[in-house]
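The values are calculated or read from the model by the stated rules, or taken from the named source; none is laboratory data. Predicted model only: the values in this text are computed from it and were never measured. Here the Cβ positions follow ideal geometry from the backbone for every residue, glycine too, while neighbour counts run over all protein chains shown.
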Amino acid sequence: MTVGLDNHVPYYQLDRAGISVIGKSRLGLRFKDIPHMDGGFVIASAGTSSFDETWTQPWGEKKDIRNHYNELRVTLTDGLKRRMILRFRVYDDGIGFRYEIPEQAHMGKVQVINELTEFNIADPATAWWIPARGWNRYEYLYHKTPLRDIQHVHTPLTLKTDKGLYLSIHEAALVDYAAMTLKRGRGRILYADLTPLSDGIKARVKTPFHTPWRSIQLADTAGGLITSYLILNLNEPNRLGDVSWVKPEKYVGIWWGMHLGKMTWGSGPKHGATTANTMRYIDFAAKYGFKGVLVEGWNVGWDGDWFHNGKAFRFTEPYPDFDIVALSKYAKSKGVHLIGHNETSGDISNYEAQLDAALDYDQKLGIPLIKTGYVADGGDAIFTGRDGRVHHEWHDSQVMVNHYQKVVTEAAKRHISIDTHEPIKDTGLRRTYPNWVSREGARGQEYNAWGEPGNSPEHTAILPFTRMLAGPMDFTPGIFDLLFRKEKPHNRIPTTLAKQLALYVVIYSPIQMAADLPKNYEARPKPFQFIRDVPTDWQDTLVLNGEIGDYVTIVRKDRNSEDWYLGSLTNEKARTLKISLDFLTPGVRYRAQIYRDGPDADWQSNPYDMVIEEKTVTAKTRLSLKLATSGGQAIRFTPVSK
Ligand code: NOJ
Ligand code: CA
């Protein structure tokens, strides 16, 4: 990695094993009302250092993570004697860098209007991307195009160069700043485009401040991006102290019924969140070993056009037919708990005005986890400014970044974890705030119920290499009634049954939902056993194979036992993947419980065909995973005594 000045303008460039990866790329910041920091620099000083430590995730896809880098710190001064520090960290799997502006004369409050960071991709490449600043937030089907056809995209942006190198451009530790999106300039130059506030300013900050880390991850295989922990490494360590109260878990809930149109969030004859209905879900959870019961539509505010009426939501007022006190007690008596739900429709002022009360209320009820929601179109999250005026903001603007974090830190004070839907993208802040357990931020399962259109068979073969590089996702897998003919005859789940099981291993989240209606699980107890067994907290993760949008096979070792789990899935193409089980402990025999597509499985014509079988295997065994069209396979490996 080289950093320098070109005619007093800072730039960096990156080579790997003698090959250029990022050509000369400009750096700089522009401000309102005060001179920019985009040129006229000299290098005042530069220093290097090294760091090597292994830290432990309280929960995660891998327990121990090595954070090993060389650092370069360059202090620049401009013609006005103002200082800007560029800090670079170089890892085996990529780089991170950020701008740091110390406290100094003539720079107190600063309004950032532009960041000039470029990523000049050295080789032609294929890109997997979703559009930025669109009507939706992040919930798009991914596009696969040549890099040269990108216009304006979100990060993480995944690239595969024509030389076969895999790259992910993203950011880490997005705190009190605007999100970075990427626009393409001439040729293969991507440049940072910070999401503006509604008055056009990108970020209002005060010195000393630093930007989030801009990150470039590199790997020789697509799977190498998945097992790179650079984003987490660039984040600050846990600030919450003892977080043993943050618990990975599986949950069920009153949720899918609404998406199928069987139930309603609002009050009325089809109201889902009734006391009786919730008791049935609590019983189901207790019987089958689920810890959490999510209940949506429990509180006042859903009646009418809830999408556009966020100010109506009351976060401490249950509907009269939902006896939350009795239900919390009943849940507790059964060893389970309710999961709170705070849908805000993107009205953050209404939510913030009630936030303390809402969190106190849930804490008193023994609710350890809240799913929040910010359903509002892109650019239409609402808050009322100090001037009394209503502002319409992007979900990835600085105000929203700060709002999401405020909810997480306030919740932490009450030992409550947060699962954000319609979130700001993940930038690894779970390391610093381990109660931020999961979030959405991509098209989840719900799109298959809505079908406008539903997710494509390749969608979940793209997510692991794109959205999932940011962090955990609450995808809500495990729909067993794939066709829901009665409820929505024109829509369906675009997978085989076995692929639904594979998702529990492939799409990482410390909280995983068994999203279907209880009766659909009771109708298929054998495949349901896999969902009951699969953990959500891991010792280690390995990617055995994968190509973006085509297929992927991931194995993970349970954090609390010697078991391993495998998830493999494919896009619309059937294929056979040969794997070695050399990740298992040598010399130990394992029982493999295999859930695979049957010989006649096909997602369109025969999605339920599935074989469940047992085999004895060792580290020397090789398996052929035969995946049907949009199919999958899930395996549990358990050591058997010799
Ligand atoms: C969208 C969320 O993704 C979904 O899970 C939730 O049910 C609805 N909003 C209502 O809050
Ligand atoms: Ca959503």
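Quick check: anything in region 344-359 out of contact with any Ser or Thr (no Cβ under 8 Å at 6 or more places or on another chain), small (Gly, Ala, Ser) and either within 16 Å of ligand 2 (Cβ to nearest atom) or within 17 Å of ARG439 (Cα to Cα) (or both)? Spell out the reasoning first.
Quick first cut of region 344-359, residues out of contact with any Ser or Thr (no Cβ under 8 Å at 6 or more places or on another chain) only: 345-348, 352-353, 355-356, 359.
Imposing the further condition that a residue be small (Gly, Ala, Ser) reduces the set to 345-346, 353.
Right, trim to either within 16 Å of ligand 2 (Cβ to nearest atom) or within 17 Å of ARG439 (Cα to Cα) (or both) and you get 345-346.
Yes, region 344-359 has at least one match.
Report, by residue number, each residue of region 564-613 that is buried (at least 20 other Cβ atoms within 10 Å of the Cβ) and assigned to a loop (DSSP other than H, G, I, E, B).
ASN571, LEU581, LEU584, ALA601, TRP603, PRO607 - these are the residues of region 564-613 that are buried (at least 20 other Cβ atoms within 10 Å of the Cβ) and assigned to a loop (DSSP other than H, G, I, E, B).
What is the number of the single condition among (1) closer than 29 Å to PHE528 by Cα; (2) assigned to a helix (DSSP H, G or I); (3) among the polar types (S, T, N, Q); (4) within 16 Å of ligand 1 (Cβ to nearest atom) that SER328 does not meet?
Of (1) closer than 29 Å to PHE528 by Cα; (2) assigned to a helix (DSSP H, G or I); (3) among the polar types (S, T, N, Q); (4) within 16 Å of ligand 1 (Cβ to nearest atom), only one is false for SER328: (4).
If a residue has to be within 16 Å of ligand 2 (Cβ to nearest atom) and among the hydroxyl-bearing types (Ser, Thr, Tyr) to count, how many in region 237-276 make the cut? Walk me through how you get there before you give the answer.
To start, the set of residues in region 237-276 that are within 16 Å of ligand 2 (Cβ to nearest atom) comprises 253, 255-256, 258-260, 265.
This time we only want the ones that are among the hydroxyl-bearing types (Ser, Thr, Tyr), so: none.
Count: 0.
Select, from PRO10, PRO35, the only residue that is of a type outside the set (D, E, K, R), outside any loop (DSSP other than H, G, I, E, B) and on the phi < 0 side of the Ramachandran plot.
Only one candidate passes the filter, namely PRO10.
For the condition surrounded by fewer than 18 Cβ atoms within 10 Å (Cβ to Cβ) and either at pLDDT below 95 or within 23 Å of the chain's Cα centre (by Cα) (or both), what is the one hit in THR181, THR158, THR227? Give the steps one after another, and end with the answer.
Numbers: THR181 fails: surrounded by fewer than 18 Cβ atoms within 10 Å (Cβ to Cβ); THR158 fails: surrounded by fewer than 18 Cβ atoms within 10 Å (Cβ to Cβ).
Criteria check complete, one pass: THR227.
If you check ALA592 against the conditions, is it farther than 25 Å from LYS63 by Cβ, touching a strand residue (DSSP E or B) at 6+ places or on another chain (Cβ under 8 Å) and of a type outside the set (Val, Ile, Thr)? I'd like the intermediate steps shown before the answer.
Working: farther than 25 Å from LYS63 by Cβ: no; touching a strand residue (DSSP E or B) at 6+ places or on another chain (Cβ under 8 Å): yes; of a type outside the set (Val, Ile, Thr): yes.
No: the conditions fail for ALA592.
Quick check, is ALA132 touching a residue at least 60 places away in the same chain (Cβ under 8 Å), in contact with a Gly (Cβ under 6 Å, 6 or more places away or on another chain) and away from ligand 1 (no atom under 16 Å from the Cβ)? Working first, answer last.
Working: touching a residue at least 60 places away in the same chain (Cβ under 8 Å): yes; in contact with a Gly (Cβ under 6 Å, 6 or more places away or on another chain): no; away from ligand 1 (no atom under 16 Å from the Cβ): yes.
No, not satisfied.
Name, by its number, the condition in (1) in contact (Cβ under 8 Å) with a residue 24 or more places away in the chain; (2) assigned to a strand (DSSP E or B); (3) of a type outside the set (Phe, Trp, Tyr) that does not hold for ASP52.
(1)
From the set of residues in region 363-398 that are at pLDDT 95 or above and of a type in the set (Lys, Arg), which is nearest to ligand 2 (Cβ to nearest atom)?
LYS371
Return yes or no: is ALA634 under 30 Å from the mean Cα position of the chain (by Cα) and over 30 Å from THR145 (Cβ atoms)? Break it down stepwise before answering.
Details: under 30 Å from the mean Cα position of the chain (by Cα): yes; over 30 Å from THR145 (Cβ atoms): yes.
For ALA634, the condition - under 30 Å from the mean Cα position of the chain (by Cα) and over 30 Å from THR145 (Cβ atoms) - is met.
I'm trying to understand the selection: among the residues of region 331-376, which are away from ligand 1 (no atom under 16 Å from the Cβ), closer than 16 Å to VAL408 by Cβ and not in a helix (DSSP H, G or I)?
The answer is ILE367, PRO368.
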